[in-house]
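Asker: If you scroll down you'll find the structure; I have some questions about it.
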């Protein structure tokens, strides 16, 4: 999963010395988003969480409960 940065961020990044198109080797201005997926043995996603805010993650207890629920299915 990825998201495209808004245009106003391009100038800001250049001003702080981060040339994203060089780092990514393209000019898409896209970044990966954080995501957690719980996938059962049949390849079905049974729980998931994604957010473009890199500081937000699936709650660890939710992750544990989702994994534990796979045993009862």
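The values are calculated or read from the model by the stated rules, or taken from the named source; none is laboratory data. What you are looking at is a predicted structure, and each value in this text was computed from that prediction instead of being measured. Please note: Cβ atoms are built from the backbone with ideal geometry, for glycine as well, and neighbour counts cover all protein chains shown.
Asker: Please work out which residue is nearest to the chain's Cα centre (by Cα), limiting yourself to the stretch 20-30 and to residues that are surrounded by 10 or more Cβ atoms within 10 Å (Cβ to Cβ) and over 14 Å from residue 7 (Cβ atoms). Before the answer, list the steps.
Answerer: Here is the first cut: in the stretch 20-30, the ones surrounded by 10 or more Cβ atoms within 10 Å (Cβ to Cβ) are 20-21, 23-24, 26-30.
Of the ones still in play, those that are also over 14 Å from residue 7 (Cβ atoms) are 23-24, 26.
Numbers: 23: 18, 24: 16, 26: 19 Å.
Top of the filtered list is 24.
Asker: Something else about it: When the stretch 31-64 is examined, which residues are found to be exposed (fewer than 10 other Cβ atoms within 10 Å of the Cβ) and either assigned to a loop (DSSP other than H, G, I, E, B) or in the same structural domain as residue 3 (by TED's automatic domain parsing) (or both)?
Answerer: 41, 42, 43, 44, 53, 55
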